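Here is the structure we will look at, set down as structure tokens.
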Amino acid sequence: MAEKATFDDKRLADLDGFTVVIDAERQRADITLDRPPYNVVSMLARDQLRLVFEALDEDDRVRIIVVTGAGEHFSSGGNIKGFLEATPEHVSKLAWNIAAPARCSKPVIAANRGYCFGVGFELSLACDFRIATDTTRYALPEQKLGQIPGSGGSARLQKMVGVTRTKNIVMRSMRITGKQAYDWGIASDVVADADLETAVDALVDELIAFSPIAQRTAKKLLNDTDDALLTTAIELEGHSYSRLRQSDDFREGVNAFHEKRAAVFVGR
């Protein structure tokens, strides 16, 4: 049964515009942006989201983390006035905070419907999987404010879709649909809006069936080698493969394959 998460860190005693629920039976945590109607992300929420991801990463009850938005939209972006009020030191931490899903060792899924703008888009780009719908609109509209994306948006996009498409999205503040995002390799999948939760549930169930240690290793390897030379990436892949060969999960996987049964992984 899902329960509201509680944290030892006093900075998370009162979450600013989002909720966290843990379903220990399903080994799942849900972070829901919840500031109606557009789920604007405050400066404080950015700080707290980082702390939440770090706490959930250490929580043995959680295997998969889902980030979603309450209502019709994921998030229209950040609190614009907050940028004028924040200190330079605080602003310098924005990208580090929003990159928390990427640093988290566990798989993170972004469920994107409706507006997914600005920091909402950047937070989603830092996740491992993005499921869009026919209502989804992705955008980095910072040019309209005389600014550029400041939390990894342009950098992550350029890695995913190349400089030409990234210039269209960043320099023209272009909105793209969920279908375009899927065609361009930004979204992992695109479904009917009414099917979003079902699609997320199915992906959670699929990921949980794999070895936790193999999942963590794959995520770290892919993130660490994203900008590496091919020879370096292959070398690191070989070392990671060799370490996994010593794991109980690998032994279980091999035995289950030969015995024609489902493997029971324990994460070591």
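As an exercise, identify the GluC sites (Glu not before Pro) in region 181-268 lying in DSSP coil whose Cβ has no more than 13 other Cβ atoms within 10 Å. Those satisfying the criteria are GLU259. For the chain, the carbon plus sulfur part of the accessible surface works out to 54%, probe radius 1.4 Å.
Relative contact order of region 4-129: 26 percent, from C-alpha pairs under 8 Å at least 6 residues apart in sequence. Radius of gyration over Kirkwood radius for region 116-226, both on Cα atoms: the Rg/Rh ratio is 1.00. Using Cα positions and a limit of under 19 Å, work out the lysines in reach of LYS220, with same-chain residues fewer than 8 apart set aside. Straight-line reach from LYS220, under 19 Å: LYS106, LYS159.
Between SER242 and LYS159, take the C-beta separation as r, use R0 = 35 Å, and let me know the FRET efficiency to the nearest 0.05. Don't skip to the answer; put the middle values down first.
Details: r = 27 Å, r/R0 = 0.78.
The formula returns an efficiency of 0.80 here.
The length gained on full extension between GLU252 and ALA70, counted as 0.36 nm times the residue separation minus their Cα-Cα distance, comes to 61.5 nm.
How much length is gained if the chain between TRP184 and THR198 is pulled fully straight, taking 0.36 nm per residue apart and subtracting their Cα-Cα distance, in nm to one decimal? Could the numbers behind the result be given before it?
On the way: separation 14, 0.36 × 14 = 5.04 nm, distance 2.32 nm.
Once the chain is fully extended between TRP184 and THR198, it gains 2.7 nm.
With contacts taken as Cα pairs under 8 Å and at least 6 residues apart, the chain reaches a relative contact order of 14 percent.
Please give me the summed charge of the neighbours of MET174: other residues whose Cβ is under 10 Å from its Cβ, Lys and Arg +1, Asp and Glu -1.
On the way: positive: ARG165, LYS167, ARG172, ARG175; negative: none.
Charge balance near MET174 sits at +4.
Label-to-label distance, ARG175 versus LYS4, with points set 7 angstrom from Cα along the beta-carbon direction: 3.4 nm.
Calculate, for the chain, the solvent-accessible area per residue in square angstrom, rolling a 1.4 angstrom probe over the heavy atoms of the protein chains.
Working: 14360 Å² over 268 residues.
Here the residues of the chain average 54 Å² of exposed surface.
If you take all other residues with their beta carbon under 13 Å from the beta carbon of MET160, and give Lys and Arg +1 and Asp and Glu -1, the sum is -1.
For a test of the definition: using alpha carbon positions, the gyration tensor, and the 1.5 limit on a/c, classify region 203-255 as rounded, prolate or oblate.
Here region 203-255 falls in the oblate category.
Restricting attention to the chain, close to 35% of DSSP beta bridges with both partner residues there are antiparallel. Extension gain for LYS144 to LYS93 (0.36 nm times residue separation, less C-alpha to C-alpha distance): 16.1 nm. In terms of its C-alpha gyration tensor, region 180-268 comes out oblate, because a/c is 1.5 or above while a/b does not outweigh b/c.
How charged is the neighbourhood of ASN112? Take every other residue with its Cβ under 10 Å from the Cβ of ASN112, and add Lys/Arg as +1 and Asp/Glu as -1. Before the final figure, lay out the partial values.
Numbers: positive: ARG113, ARG130, ARG137; negative: none.
Net charge in that neighbourhood comes out at +3.
Peptides 69-77, 144-152, 4-12, 50-58, ordered by how many other C-beta atoms sit within 10 Å of their residues on average, highest first, read 69-77, 50-58, 144-152, 4-12. Taking packing as the residue-averaged number of other Cβ atoms within 10 angstrom, the listed peptides 153-160, 38-45 run from highest to lowest as 38-45, 153-160.
State the dimensionless ratio Rg/Rh of the chain (Rg: radius of gyration of Cα atoms; Rh: Kirkwood radius). All intermediate terms of the calculation are to be shown ahead of the outcome.
Values: Rg = 18.9 Å, Rh = 19.4 Å.
So for the chain, dividing Rg by the Kirkwood Rh gives 0.98.
Only Cα pairs under 8 Å and 6+ residues apart enter the sum, and on that basis the relative contact order of region 125-170 stands at 45 percent.
The values are calculated or read from the model by the stated rules, or taken from the named source; none is laboratory data. Computed from a predicted structure; not experimentally measured. Don't worry about glycine lacking a Cβ; one is built from the backbone with ideal geometry, like all the others, and counts go over all protein chains shown. Please note that ligands, DNA and RNA were not included when accessible areas were found on the heavy atoms of the full protein model with its side chains. Shrake-Rupley method; radii C 1.70, N 1.55, O 1.52, S 1.80 Å.
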